[in-house]
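These notes are about the structure you will find just below.
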Amino acid sequence: MGKFRNQGEQLLTCKSSEGIPFKLRMQSAEVSRPILSVIRLTESGKEVTFRKDGGTIRDPTTGMTTEFQRKHGVYVLRMWIRNGKPTGSKPESGFARQG
């Protein structure tokens, strides 16, 4: 594995598979599968639990949980990411499926 050129930072508007909206700050690079930092999640107050088949991210303040799966030895969090500015009145408009 080589080095990746950092192309800046982005603040993404996202929705979990369960439809829970959240913001995610990520470094941009030319990759096909971005990596989410468990350290950053726990530093922001989230509780992360891993299991054999997946896991859970929990916000203890709101009680909201987001599930993730384990596929082929990799933990995968499926989410929707807003693509550009919203163009319609539907809450789902502008979101692209990731993961």
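The values are calculated or read from the model by the stated rules, or taken from the named source; none is laboratory data. From a predicted model like this one, the values you see are computed outputs, not experimental measurements. Cβ atoms come from the backbone with ideal geometry, glycine included; neighbour counts cover every protein chain shown.
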Apart from one, (1) modelled with pLDDT of 75 or more; (2) surrounded by fewer than 15 Cβ atoms within 10 Å (Cβ to Cβ); (3) under 13 Å from the mean Cα position of the chain (by Cα) all hold for residue 72; the odd one out is (3)
Pairs please, first residue from region 54-67 and surrounded by 15 or more Cβ atoms within 10 Å (Cβ to Cβ), second anywhere and in a strand (DSSP E or B) and of a type in the set (Gly, Ala, Ser), Cβ atoms under 6 Å, 6+ apart in sequence or on different chains. 66/16
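Give the residues of region 1-32 that are under 18 Å from residue 67 (Cβ atoms) and part of a loop (DSSP other than H, G, I, E, B), sorted by residue number.
17, 18, 19, 20
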Going by the structure shown, is residue 66 more than 14 Å from the chain's Cα centre (by Cα), among the polar types (S, T, N, Q) and assigned to a strand (DSSP E or B)? no
